[in-house]
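Notes follow the structure.
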Amino acid sequence: MNSFNTITSAIGTSLLLYTSYKLLNTARLYLRPSGLHRYRYTDVTGQRPWALVTGSSSGIGKNLAFELAEHGFNIVLHGRNPSKLETVRDELHLAHPDTKVRIIVADASQCHRPDAVDFAHIRDEVASLHLTVLINCAGAGPNPAFGGLEKYGPHTIIDSLHLNAVFPTLLTATLLPVLRGQYRDGKPTSNAPTRPRPALIINIGSVTDDGFPLVSFYSAGKSAVHTLHKAIAREAALDGWDADVEIISHRVGAVTGVSHTQAAPSLLRPDARTIAKAILARTGCGRKSVVPYWPHAVLQVVLAILPVWLVDTIINGAMREERRVQDETAKNE
Ligand SMILES: NC(=O)c1ccc[n+]([C@@H]2O[C@H](COP(=O)([O-])OP(=O)(O)OC[C@H]3O[C@@H](n4cnc5c(N)ncnc54)[C@H](OP(=O)(O)O)[C@@H]3O)[C@@H](O)[C@H]2O)c1
């Protein structure tokens, strides 16, 4: 009995020490100052830096655009709806009259069709700018948002995978040479950079990338592109350009103030502005993957130490409730 007590208390102490270490390590990430200023430098002609934010006609992307303008960046807005983008451009000009704004319209769900998304044209548009930041933020779940895989037709699934995974992959592949200074005046240069660096690539991922039920193919798309960003961050280190381009993939939890919900913000469901600030604040944290908002990070640490069966029960319970609310709302409409 004595040795049983000793073993259980040793396990308990180890678990407590491990959790404390993880929480302290997590806390450190959220207390350090942002490294965003590293990417806010003028070019040789004195041109202010530009940031391209995909999916910036609403929600998190729109708030990232406003935050970046606040920090002194010119902004390239991207979305699929020209009039929504023009409204955001006008709002940006009103709030930040010195900020220059360009607009790129491209339906990311059709990115496999060259007549719908011309990546070479996008590259040439931004290559003439002093682009130092790319944020892959465009993304969405299907309609209806919560349902079993078999409930959706092939077009919905394919469009979702194109939007959430293929578009950011192709855009990043297209713009990497620009961000690394290896593309200029409409053509690639030698490997030697032709403009000052560094540059920053941010991916807006989701904590659902772990395989969430009822959002299966959205979750899979987010997982693919999260892995892609971690892989290219390793490629940067492998080939020695990691000091030039910082690549960071953010795993975002539930957010309000976005197109699908305007519910009142709470600690675990902050608004899009709070998340945008948290995302930019983590720049330079040294991680390839980060949960940008600290209460979401604490939740992830807690989930990581719980037994798998309990995590599954919690996730299934939360998603069952999301589907119940969705079905109830649909019935009452
Ligand atoms: N809200 C959350 O709880 C949450 C949690 C984790 C991760 N995220 C991620 O955060 C990112 C932003 O989402 P959000 O919550 O801010 O939602 P949102 O308000 O709906 O914003 C999504 C943005 O993506 C654009 N977009 C959607 N489909 C597009 C398409 N086919 N082509 C081009 N642009 C398209 C939207 O344009 P339109 O204005 O034309 O629709 C909008 O600008 C997404 O990647 C999402 O997966 C959100």
* Please report how far the C-alpha centroid of segment 252-308 lies from that of segment 114-150, rounded to the nearest whole angstrom. => 22 Å
* Structure fact -> Computed over the chain: longest principal axis from alpha-carbon atoms vs helix 272-281 long axis, angle to nearest 10 degrees, is 80 degrees
* Asked: How far is the Cα center of segment 59-107 from the Cα center of segment 233-247, in Å?
  -> 28 Å
* How big is the Cα convex hull of segment 228-303 in projection, averaged over all directions, in nm²? -> 5.9 nm²
* Structure fact -> Scoring segment 1-155 by relative contact order with C-alpha pairs under 8 Å, at least six apart, yields a percentage of 23 percent
* Angle between the Cα long axis of helix 2-31 and the longest principal axis of the chain, 0 to 90 degrees, nearest 10? -> 20 degrees
* In a GNM of the chain with a 10 Å cut-off on Cα contacts, which of ALA116, ALA224, ALA233 has the highest mean-square fluctuation? -> ALA116
* Could you work out the Rg to Rh ratio of the chain, with Rh taken as the Kirkwood radius (inverse of the mean 1/r over all Cα pairs)? => 1.00
* Out of residues 5 or more away from ALA199 or on other chains, whose amide H comes under 5 Å of its own, with H placed 1.01 Å from N in the peptide plane? -> VAL245, GLU246
* Structure fact -> In nm, the gap between the two label points placed 7 Å beyond Cα toward Cβ at THR87 and THR26 is 3.7 nm
* Asked: Roughly what angle does helix 82-95 make with the longest principal axis of the chain, taking Cα atoms, 0 to 90 degrees, to the nearest 10?
  -> 90 degrees
* For each of LEU310, LEU31, LEU68, LEU176, count neighbouring Cβ atoms within 10 Å of the residue's Cβ, then give the residues from fewest to most. => LEU31, LEU310, LEU176, LEU68
* Under the Karplus relation 6.51 cos²θ - 1.76 cosθ + 1.60, θ = phi - 60°, what is the ordered set of whole-Hz ³J(HN,Hα) values for segment 37-53, x standing for Gly and Pro? -> 4, 4, 9, 10, 10, 7, 8, 4, 8, x, 6, 4, x, 10, 10, 9, 10
* Asked: With charges set only on the Cβ (+1 for Lys and Arg, -1 for Asp and Glu), what does the dipole of the chain come to about its Cα centre, in debye to the nearest 20?
  -> 740 debye
* Asked: When the helix-only estimate is applied to the chain (DSSP H runs of n ≥ 4, each -39,500 (n - 2.57), divided by the residue count), what is the mean residue ellipticity at 222 nm, nearest 500 deg cm²/dmol?
  -> -15500 deg cm²/dmol
* Asked: What list do you get for TYR18, TYR41, TYR218 if you sort them by fewest beta carbons within 10 Å?
  -> TYR18, TYR41, TYR218
* Asked: Under a straight-distance cross-link criterion of Cα-Cα below 22 Å, which lysines are reachable from LYS100, leaving out those fewer than 8 residues away in the same chain?
  -> LYS62, LYS84, LYS277
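Readers should treat all values here as calculations from the given coordinates under stated rules, not as data from a laboratory. Everything numeric here is computed off the predicted structure, so don't read it as measured data. Using ideal geometry, Cβ is built from the backbone for each residue, glycine included, and neighbour counts are taken over all protein chains shown.
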